[in-house]
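So the structure is just underneath, and the comments pick up after that.
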Amino acid sequence: MQNVVIKKEFVRSGITFGSALAITISWSVNHSILWAIIHGLFSWLYVLYYALTR
């Protein structure tokens, strides 16, 4: 049971970190709050896209 709790906590932290990273990258590239919000919703997908295209 404890293993399940640890996995849920790790996933929740990963989603939060991915969103923050996507928002930071988006803001540094576009300087747009709207794009930062959109990219924050897609989080890791945008981070991977940015990493593969730069």
### Task
Output the residue which, of all residues in the stretch 27-42 that are in contact with a helix residue (DSSP H, G or I) (Cβ under 6 Å, 6 or more places away or on another chain) and either exposed (fewer than 12 other Cβ atoms within 10 Å of the Cβ) or not small (Gly, Ala, Ser) (or both), is farthest from residue 17 (Cα to Cα).
35
### Query
Inside the stretch 11-30, can you point out the residues that are modelled with pLDDT of 90 or more and among the polar types (S, T, N, Q)?
19, 24, 26, 28, 30
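The values are calculated or read from the model by the stated rules, or taken from the named source; none is laboratory data. Because the structure is a prediction, the values reported are computed rather than measured. All Cβ positions, glycine included, derive from the backbone under ideal geometry; neighbour counts span all protein chains shown.
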